[in-house]
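Asker: I have a structure here, written as structure tokens, and I will follow up with some questions on it.
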Amino acid sequence: MIETIAKYFPHLSPAQRDAFEALMTQYPLWNEKINVISRKDIDNLEINHILHSLAIAKFIQFSPGSEILDFGTGGGLPGLPLAVMFPEVRFHLIDRIGKKIRVAKEIAASAGIGNVTFQHGDIGECHDKFDFVVSRAVMPQPDLVRLSRKNISRSMRNAVPNGVIALKGGELGNELNALKVDSEVVDISNYFSEPFFDTKKIVYTSI
């Protein structure tokens, strides 16, 4: 069921494989009750949503003990797949929509993902510090950086400086021109060959 994930991440442990299989099972079940993924796209769950989230794991290998904030997680993406990939890293998932956080909690419990915490609320209500903020198609990068800057820790635990890592698609020229700091843009097609990723990018801004 996770053939494509396993192709790009061949060294998954049995526990990680089981957790990804659980995500593949649980998301369609929950999506019938609470729409967290477009219903016309749920059949593309593995590639368009879980593997897309895991592009961040190709960009950076988070060091054990790192703390990551998933800003606007929705139903748990990219936070839950990343939490499976990095079991020694803590992930805090926040979203303003309570029913979506509920879905993320239930799916995490069903998949046995224990290195995650959840918060129903706005980013302004989150006062903890993190090594990185990750996000998937939530808002323009300048707004993302502005709102999450206060949550970025000054301690350095990773080979890449702390900052914001966002999954985005489409034309980003105007969005990146509005940033006051340099950002690195990486084509996800460098990592994954499926046509879905032809227009998908990672945008990393150090803070």
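Any read-out appearing in this document is the output of simple, stated calculations on the displayed coordinates, not a laboratory observation. These figures come from a predicted structure and were not determined experimentally. Here the Cβ positions follow ideal geometry from the backbone for every residue, glycine too, while neighbour counts run over all protein chains shown.
Asker: Tell me the GluC sites (Glu not before Pro) within the stretch 28-116 that lie in a loop according to DSSP and have at most 13 other beta-carbon atoms within 10 Å.
Answerer: Numbers: sites: 32, 46, 67, 88, 106; in loops: 32, 88.
Listed in order of number, the matching sites are 32, 88.
Asker: Another question about this same structure. Straight distance only, please: which aspartates and glutamates reach the Cα of residue 201 with their own Cα at less than 12 Å, same-chain residues fewer than 8 apart left out?
Answerer: Leaving aside aspartates and glutamates fewer than 8 places away in the same chain, those within reach of residue 201 are 171, 184, 187.
Asker: Using only the Cα atoms of the stretch 8-206, build the gyration tensor, take square roots of its eigenvalues as a ≥ b ≥ c, and label the shape rounded, prolate or oblate: rounded if a/c is under 1.5, else prolate if a/b is larger than b/c, else oblate.
Answerer: rounded
Asker: Among 201, 33, 105, what is the fewest-to-most ranking by other Cβ atoms within 10 Å?
Answerer: Working: 201 19, 33 11, 105 16.
In order of increasing Cβ crowding within 10 Å: 33, 105, 201.
Asker: Any idea what the relative contact order of the chain is, in percent, if you count C-alpha pairs under 8 Å spaced at least 6 apart?
Answerer: 18 percent
Asker: Report the extension gain between residue 4 and residue 189 in nm, rounded to one decimal, defined as 0.36 nm multiplied by the number of residues separating them, less their alpha carbon distance.
Answerer: Result: 65.2 nm gained on full extension.
Asker: Take the Cα coordinates of the stretch 16-73, assign each an equal point scatterer, and use the Debye formula without solvent to give log10 I(q)/I(0) at q = 0.12, 0.17, 0.26 Å⁻¹.
Answerer: -0.36, -0.69, -1.20
Asker: I would also like to ask the following. To make sure I understand, if each residue's beta carbon is the centre and we count other beta carbons within 10 Å, what order do 92, 11, 120 fall in, fewest to most?
Answerer: 11, 120, 92
Asker: Compute the Cα gyration tensor for the stretch 59-167, then decide on rounded, prolate or oblate, letting a ≥ b ≥ c be the square roots of its eigenvalues: rounded whenever a/c is under 1.5, prolate when a/b is larger than b/c in the other cases, and oblate in all that remain.
Answerer: Here the stretch 59-167 falls in the oblate category.
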